[in-house]
Amino acid sequence: MRLIPEWNNHTNCLIAWPCNQDLYGNQLHQARIEIANLANHISEEEEVYVYCNKIDYKECYEIISNKNISILEANLDDSWMRDIAPIFFRDGKNLSAAEFNIITAMANILILKMIIKFLNIYVINLILNLLK
């Protein structure tokens with residue numbers, strides 16, 4: 001098993017739509033504009049998947065307005081994918097992902113399922129495996 005460094009070339013980018021009003025306060029709309037700009041820029045080079053809450057889907061779709069970006073509904077309370085998405089690694093030539101945080105894994109099972117489907121990878125939950 002080898003973790004993939006952030007600076008390695010990759011083919012997909014996962015982005016969470018800003019949603020936490022307590023965190024962003026009156027800057028939430030501006031944060032969404034910045035994320036849309038970032039997603040649009042990245043989509044020129046690779047596939048982009050933006051995860052957003054159902055309540056934010058229409059606004060996310062309208063702000064991003066890019067047919068090359070997939071917008072997917074998920075239950076989010078954070079927009080920092082490093083905190084809510086699994087960690088990706090190479091197991092030989094296979095791309096896999098591990099979820100270490102049982103709370104995160106349970107809360108974001110929909111995100112995990114979407115990642116499995118769209119990236120066609122195997123996801124393991126190391127905490128759940130240890131509890132068996």
18 Å cut-off, amide nitrogen to a point 7 angstrom out along residue 22 Cα→Cβ, residues in the range 71-86 = 75-81, 83-84
Which chymotrypsin sites (Phe, Trp or Tyr not before Pro) from the range 39-104 combine a DSSP loop assignment with at most 14 other Cβ atoms within 10 Å?
-> 80, 100
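Between residue 90 and residue 33, take the C-beta separation as r, use R0 = 41 Å, and let me know the FRET efficiency to the nearest 0.05.
0.75
With r as the distance between the Cβ atoms of residue 3 and residue 58 and R0 = 41 Å, compute the FRET efficiency 1/(1 + (r/R0)^6) and round to 0.05.
0.65
Laboratory data are not the source of any read-out in this text; all were calculated from the coordinates shown. All values reported here derive from a predicted model rather than from experimental measurement. Because the Cβ atoms are built from the backbone with ideal geometry, glycine has one as well, and the counts that use them run over all protein chains shown.
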